[in-house]
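Asker: Here it is, the structure, as structure tokens.
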Protein chains: 2
Amino acid sequence: MAALSRLPFHTSSHPKPSSLLRLPASLPVRHLSFRCPTRLPSLSVSVSCSSLIEPDGGKLVDLVVEEPLRNSRKLECLGLPRVKLSRIDLQWVDVISEGWASPLTGFMRQSEFLQTLHFGALRLQDGSVVNMSVPIVLAIDDEAKGRIGDATRVGLFDPDDNPIAILNDIEIYKHPKEERIARTWGTTAPGLPYVEEAIRDSGNWLLGGDLEVLEPIKYNDGLDQYRLSPSSLREEFSRRNADAVFAFQLRNPVHNGHALLMTDTRRRLLEMGYKNPVLLLHPLGGFTKADDVPLSWRMRQHEKVLEDGVLDPETTVVSIFPSPMLYAGPTEVQWHAKARLNAGANFYIVGRDPAGMSHPVEKRDLYDADHGKKVLSMAPGLERLNILPFKVAAYDKTQGKMAFFDPSRPQDFLFISGTKMRALAKSKESPPDGFMCPGGWEVLVEYYDSLTPVDNGKVPEVVGA
Amino acid sequence: MAALSRLPFHTSSHPKPSSLLRLPASLPVRHLSFRCPTRLPSLSVSVSCSSLIEPDGGKLVDLVVEEPLRNSRKLECLGLPRVKLSRIDLQWVDVISEGWASPLTGFMRQSEFLQTLHFGALRLQDGSVVNMSVPIVLAIDDEAKGRIGDATRVGLFDPDDNPIAILNDIEIYKHPKEERIARTWGTTAPGLPYVEEAIRDSGNWLLGGDLEVLEPIKYNDGLDQYRLSPSSLREEFSRRNADAVFAFQLRNPVHNGHALLMTDTRRRLLEMGYKNPVLLLHPLGGFTKADDVPLSWRMRQHEKVLEDGVLDPETTVVSIFPSPMLYAGPTEVQWHAKARLNAGANFYIVGRDPAGMSHPVEKRDLYDADHGKKVLSMAPGLERLNILPFKVAAYDKTQGKMAFFDPSRPQDFLFISGTKMRALAKSKESPPDGFMCPGGWEVLVEYYDSLTPVDNGKVPEVVGA
């Protein structure tokens, strides 16, 4: 109640999202600190500091055709056999082309697909191993396969028939859907959001090959300015002279427990001797399930959190991670971590049941809540990444704020799950004072208010966090 | 017909199985060649030749308590909380204790279980990686968990309540059955033989720990003399002065196509410059599905094949691999190969659809026939093993014998699947002359003849090879 009573003071101005984050040098940004390494005083700000972790495979993949060649490539693309991309396919094109999946250079061929399913990793030609836990594949149906025939290249087109990319040196192989689902999710139960959206009705073939993307993927949703590529993020971290980058993956609103965790992580990194740890607050921007809070609302909420001073903009970079969400728990958390490593993060915060959800059929969580961090800490190819397990934060009734759970006085703590949080916001109730900054909470309430009740007069059911 | 007409000449004597294979030095053996490496003329025969491939982890695990300590350990065991083993559990105790799964020293703890499910490999303390694709775990129910309480050691007892082993430094963790099945088999369809037999109704907990086995596991089925441990096999290969060991996993009768493949492999190894390649003909001895030919009959059949001179006893070691069969295709073939590496094999022959079967529900093979060899060739921890893909052998009607398939004249070849073979033997029909040595075929006919027709007057249905 008290929290909500403060809302009016925070709703008067919705600053443009751009004030939130540090953009590449060409854009005006407020909080940038242009300190360069003292040992290299003459370096221009666009040079990466050598202290950033190396991307997988040693070099960031960048598959966007260079400006002078774009027109000719586009003409080529228009003359090739056509493959229509779904919305999620397009998100993967974005992901691959910017190098999040480095050293992957396109949709997986069979050898990469099989290694991903069986080993969660790819062996490179030099014998080294990089993590790759989720299949990044392009399904096509029998008709498309027939249309491609013996061609070695195809053109990829978006849902509105705009040419997007050329796929070179292609390989078509069977799409073993059941096996893919079982090995990725550890279940084949009906109702897995990504499976229902992108696999169940997809084609019986997979099309692998090397991508050449005609121009950077844009979503034109007012949020493209937040979509920094791994290489732009690396430039930003270097520009800030970060000597440690810690990434926080999220697809939910930020509450003060998260914030406590992030500020505490920074404190711990400083204690470890790092001089300038920078937080990458990295909301997932691709496909999410129907009852998750949509990206645009989440970005508004995150913005409020920085505005309200819950996180320090000086040491925080907010950007959008373009990947779709698989809800594949321990398998997916590796992907979330690996992609951030490619963007320069050498610390990764992992929580309880990362990328998990309720079992779609049985009354239990799909994954054991501890498996995610355990699997992540043992994952091949991620040995270089420092895994920071979440401390459990809960609402401390004695302090009236979020605090790390103290097992010696459990009665003082209140656990507010994502489900509970969303249920409260939906019914316009207030969480306990100090659970979330008022501005952020108001965005949530506004979001649920905006939902048009469906058929039965109820908004969509809210399920696990 | 012609093949069967020769049967009487080969049924008069059933030599004892022991004549088949090379046993440890204490037993009388006919075909042993005691050549020692010329550079080490003074070595005793029990010293391993350095040319054998190193076991995983550098050292073969041997978990059988040494003779002088057996009585005291047995007394200890009798005083510990008791866990009853199933027949399959006991096979795994055998497998682990002899070092087939080296460097595994007991039933998996959670960290090993998770690495197996997600990565098909275990990372050792020195950072090196060994292959481990199938979970080797011990399920217990709630009652057993309660009985164990806070104990750190338990006694393992066979189905007849005989003490078998002590499990030390135990760890109890949840048994995520659905996830285990999905990630191991790539399906959760009902009807997977191992799942139905050993997982579906098993306990909700897994019990990991380090094994101490009270004495070598014996089956007392007249075949124990064939059960050579990895270390005995290594001694045997060294004694024969093998400079290459190629393993052939099987759970079916040997026909002349297999034989052709094995003799051809030896020829190729000789061409590669090896002087003395030895074949490990290695029938699987643990759990198999109901319609597979039982081990005792298969051993009689293999015996005939050597007797009939189809394979050369001088360069062939026949032994039983004590593992249960999972029918887990590409996941399991890695286990089959890794275990043989531990037994000294540096070449592994892999066929079409290894460890595969029909989908238990859908009308198709469960696995793509090519995935097994592809996955095996990319498997972490098996880089040292040379993978030899099967050439396809079929019955060449123009030659009246099994030959490598010649794609330029497909009309001349007859493919006789395991299913077809078993159906013929069951109905006492003859395969084409030259398909299998007559003595071996007669054993098969005799086996199917021995089956008591069930309820409906039919013998059990024969399914995929």
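Asker: Along its principal axes, what span do the Cα atoms of the protein assembly as shown show, with the longest given first and each in whole Å?
Answerer: Largest to smallest, the principal-axis extents are 101, 73, 66 Å.
Asker: Now for a different question. 7 Å from Cα along Cα→Cβ at both B:D412 and A:A369: what's the point-to-point distance in nm?
Answerer: With each label point 7 Å from Cα toward Cβ, the separation is 6.9 nm.
Asker: For n ≥ 4 DSSP H runs only, could you compute -39500 (n - 2.57) per run for chain A, divide by its residues and tell me the 222 nm figure to the nearest 500?
Answerer: -8500 deg cm²/dmol
Asker: Cross-link list B:K304/B:K401; A:K397/A:K428; A:K363/B:K289: which exceed 23 angstrom alpha carbon to alpha carbon?
Answerer: The pairs that break the limit, which is 23 Å between Cα atoms, are A:K363/B:K289.
Asker: Now a separate question. Residues of B:338-349, mean number of Cβ from any other protein chain within 10 Å of their own Cβ, rounded to a whole number?
Answerer: 0
Asker: What aspartates and glutamates does B:K275 reach when the alpha-carbon gap must be under 12 Å and sequence neighbours fewer than 8 apart in one chain are set aside?
Answerer: B:D243
Asker: Going from the alpha-carbon gyration tensor of segment A:193-277, what semi-axes, largest first and in whole Å, does one get by taking the root of 5 times each eigenvalue?
Answerer: Square roots of five times the eigenvalues give 35, 20, 14 Å.
Asker: Could you work out the mean count of beta carbons from other protein chains within 10 Å of each residue's beta carbon in B:374-383?
Answerer: Across the residues of B:374-383, the mean count of other-chain Cβ atoms within 10 Å is 4.
Asker: Once you have the alpha carbon radius of gyration of segment A:224-450, what is it after dividing by 2.2 N^0.38 Å, with N set to its residue count?
Answerer: 0.98
Asker: Treating cross-link reach as a plain straight distance, find the lysines whose alpha-carbon is under 18 Å from the alpha-carbon of A:K373, omitting any fewer than eight places away in the same chain.
Answerer: A:K373 reaches A:K338, A:K391, B:K174.
Asker: In chain A, with Lys and Arg counted as +1 and Asp and Glu as -1 at Cβ, which of these residues, A:V134, A:V93, A:A343, has the Cα nearest the positive end of the dipole, that is, farthest along it?
Answerer: Of A:V134, A:V93, A:A343, it is A:A343.
Asker: When every alpha-carbon pair in chain B is counted, what percent end up more than 30 Å apart?
Answerer: 46
Asker: Can you pull out the trypsin sites (Lys or Arg not before Pro) in segment A:169-276 whose DSSP state is coil and whose Cβ has at most 11 other Cβ atoms within 10 Å?
Answerer: Passing both the DSSP loop test and the Cβ count: A:K218, A:K275.
Asker: With the contact rule set at Cα under 8 Å and sequence spacing of 6 or more, what percent relative contact order holds for chain B?
Answerer: Relative contact order of chain B: 20 percent.
Asker: If R₀ is 45 angstrom, what is the calculated FRET efficiency for the pair B:S377 and A:L75, using the beta carbon separation as r and rounding to 0.05?
Answerer: E(calc), rounded to 0.05, equals 0.65.
Asker: Taking just the C-alpha trace of segment A:56-124, give me its Rg and Dmax in Å.
Answerer: For segment A:56-124, the Cα radius of gyration and maximum Cα-Cα distance read 14.1, 41 Å.
Asker: Express in whole angstrom the spacing between the alpha-carbon centres of segment B:253-319 and segment A:195-250.
Answerer: 53
Asker: Test of understanding: given chain A, find the longest segment containing no chymotrypsin sites (Phe, Trp or Tyr not before Pro) that are in a DSSP loop and have at most 12 other Cβ atoms within 10 Å.
Answerer: It works out to A:35-414.
Asker: Mind grabbing the base-10 log of I(q)/I(0) for segment B:333-414 at q = 0.20 Å⁻¹? Debye formula, identical points on the C-alpha positions, no solvent, two decimal places.
Answerer: Each listed q corresponds, in turn, to -0.93.
Asker: Would you mind counting up the charge near B:W100? Only other residues with Cβ under 13 Å from its Cβ, with Lys and Arg at +1 and Asp and Glu at -1.
Answerer: Once positives and negatives cancel, what remains is 0.
Asker: How big is the Cα convex hull of segment A:55-213 in projection, averaged over all directions, in nm²?
Answerer: If you wrap the Cα atoms of segment A:55-213 in a convex hull and average its projections, you get 9.5 nm².
Asker: A follow-up question, please. For chain B, give the magnitude of the charge dipole about the Cα centre (Cβ charges: +1 Lys/Arg, -1 Asp/Glu; no others), in debye to the nearest 20.
Answerer: Roughly 1100 debye, rounded to the nearest 20.
Asker: In the calculated pair distance distribution of segment B:144-243, what percentage of Cα-Cα distances lie above 17 Å?
Answerer: Of all Cα-Cα pairs in segment B:144-243, 70 percent lie more than 17 Å apart.
Asker: I've got another one for you. In chain B, which longest range has no GluC sites (Glu not before Pro) that are both DSSP loop (not H, G, I, E or B) and surrounded by at most 14 other Cβ atoms within 10 Å?
Answerer: In short, B:67-361.
Asker: Taking Cα pairs under 8 Å and at least six residues apart, what relative contact order does segment A:55-213 come out at, in percent?
Answerer: Worked out over segment A:55-213, it gives 31 percent.
Read-outs: derived from the displayed coordinates by stated rules, not from any lab. Only a predicted model underlies this, so the values are computations on that prediction, with no experimental measurement involved. Cβ sites come from the backbone with ideal geometry, for glycine too, and all protein chains shown count toward neighbours.
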